[in-house]
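Worksheet: one structure, shown below.
The values are calculated or read from the model by the stated rules, or taken from the named source; none is laboratory data. All values derive from a computational prediction rather than experimental measurement. Virtual Cβ from ideal backbone geometry, glycine too; neighbours counted across all protein chains shown. Accessible surface areas use protein heavy atoms only, side chains included; no ligands, DNA or RNA. Shrake-Rupley method; radii C 1.70, N 1.55, O 1.52, S 1.80 Å.
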Amino acid sequence: MTYKSKFGFGCMRLPTTDPNDPTSIDQELFNEMVDIYMEKGFNYFDTSYAYHNGMSEVAIRKAVVERYPRESYQICDKMPTWALTSQDDNDKFVGEMLERLGIDYFDVFFVHNINVPWFKLAENAKTFEYVKKMKEDGIAKKIGFSFHDNSKLLKEVLEKYGDFLDIVQLELNYLDWEDPAIEAHKCYDLCVEYGLDVYVMEPLKGGVIINQPDDIKEEFNKFNPDKSIASYALRFCASLEQVKIVLSGMSKMDDLMDNCDTFENFEVLDETESKFLEEMAEKLSSKLAVPCSECGYCVDACTEMIPIPEYFALYNRSKNQPESDIYKNYFDKLGDEKVPADECTYCGTCLDYCTQHIDIPEELEKVCDHFEKGFSAYSGAP
């Protein structure tokens, strides 16, 4: 396997015509991006039943399936684990996904986002057994699961199902590599131990790695002005031997071109670069108020539908640019247009769904404090 073949197109954050409407995919721009990606010899597309409220699969059908021969591309899709209520749901969702995509088999199929609560749902619906049969019946060429939890749960899943699975998709990046909450290194080592391929999601940690404070950006520029910050993050992942695919979610043509260049001219990370990234990870971690990857699972779980990642993003940017008061205006605007941050009831429902293991209610309180907002909802909190 060449390093070039490791570059996958993540279709979770496609270009949109309306930033407030995830279904408003800019199909024309996406088609252009797909054409360049394919022309350069890349061919792996990762989607999910949930991405862009179901429209990611439709966009892939229009951009890829209807325009290229079936053997020329690979598609990975994922079972919406959180929506499983019975064994019958497995058939229902797979049928919908195949129809949306306009295909009759998946190249790769995952049980989506295994964590403590959703692992129980998958177990109750016998979804792992179902995907095993999908492979036996030729509906999926390779099978596995995407994972967002600690190494203890991963070991439990692998002990039970690892003998018939091919792949684990991990959140893996140089910022999380030694993070005790994410345990990316430990999870990677477990996959190696069980002989499973690793596919990487969130190599840029939802954009956190590239949206860095100016002083850290300057250090990257001094270290090597010819390489982008994103390129280092992708090379960190792809340089790992067991990693077979590194996904990048691209909403801009510039991002696509930069990532293509990284993999077309791939260089394995050397020792000096690895040490530099360790140092940068420590510095960035110390400056990051909340290590949110903006995956949005907490919002789906929130009873009040608070746009939690958006508040954390404003908080992080404001903390790194204390001289600017523009983020206070953005904070107020977000509360007016969606749901105020101080409507958190401290119910804790979101905690089991956070891929970063953040104490969300506590951090939301800090956000409100920072922007000098009233947070009466917390007054009775334990």
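In this label model, Asp226 and Glu178 are separated by 2.9 nm, measuring between points 7 Å along each Cα→Cβ vector. Relative to the globular-protein estimate of 2.2 N^0.38 Å, the Cα radius of gyration of region 255-344 stands at 1.47.
For the chain, the fraction of alpha-carbon pairs lying more than 27 Å apart is 50 percent, rounded to a whole number. Solvent-accessible area assigned to carbon and sulfur over the chain amounts to 46 percent, based on a 1.4 Å probe. Exposure check, 1.4 Å probe, all protein chains in place: Cys354 carries approximately 20 Å² of accessible surface. Contact order, relative form, for region 257-349: 24 percent (alpha carbon pairs under 8 Å, 6 or more residues apart, mean separation divided by residue count).
Rounded to the nearest 20 debye, the dipole magnitude of region 139-214 is 280 debye, with +1 charges on Lys and Arg beta carbons, -1 on Asp and Glu beta carbons, and the Cα centre as origin. To make sure I understand the rule: partners must be aspartates and glutamates, Cα under 17 Å from the Cα of Lys283, and not fewer than 8 residues away in the same chain. Which ones qualify? Correct list for Lys283: Asp176, Glu178, Asp179, Asp214, Asp215, Glu218, Glu219, Glu273. Per residue, the chain exposes 44 Å² of solvent-accessible protein surface, assessed with a 1.4 angstrom probe and all protein chains in place. Note on Lys126 and Lys275: the extension gain reaches 49.3 nm, defined as 0.36 nm multiplied by sequence separation minus the Cα-Cα distance.
For the chain, modelled as a GNM whose springs connect Cα atoms under 10 angstrom apart, the maximal fluctuation among Ser56, Ser318, Ser286 occurs at Ser286. Pick out, in residue order, every one of the GluC sites (Glu not before Pro) in region 173-264 that is DSSP loop and has at most 12 other C-beta atoms within 10 Å; say none if there are none. Answer by residue number: Glu241. Helix content alone sets the calculated 222 nm mean residue ellipticity of the chain: runs of n ≥ 4 DSSP H residues at -39500 (n - 2.57) each, divided across all residues, give -13000 deg cm²/dmol. What is the calculated FRET efficiency for Tyr68 to Lys141, with r their C-beta to C-beta distance and R₀ = 22 Å, to the nearest 0.05? Rounded to the nearest 0.05, the efficiency is 0.80. Comparing Ser231, Ser285, Ser146 in a Gaussian network model of the chain (Cα springs below 10 Å), the most mobile by mean-square fluctuation is Ser285. Think of each Lys and Arg Cβ as +1 and each Asp and Glu Cβ as -1; about the Cα centre, that makes the dipole of the chain roughly 640 debye.
Taking a ≥ b ≥ c as the square roots of the eigenvalues of the Cα gyration tensor of region 170-262, is the shape rounded (a/c under 1.5), prolate (a/b larger than b/c) or oblate? Verdict is prolate for region 170-262. For the chain, the relative contact order works out to 14 percent when only alpha carbon pairs closer than 8 Å and six or more residues apart are counted.
Pairs from the list Lys120/Lys338; Lys6/Lys78; Lys155/Lys366 with a Cα-Cα gap above 24 Å: Lys120/Lys338; Lys155/Lys366.
What the Cα atoms of region 43-182 give is an Rg and a Dmax of 15.1, 45 Å.
Relative contact order for region 90-174 using alpha-carbon pairs under 8 Å, separation at least 6, rounded to a whole percent? Here the relative contact order equals 32 percent.
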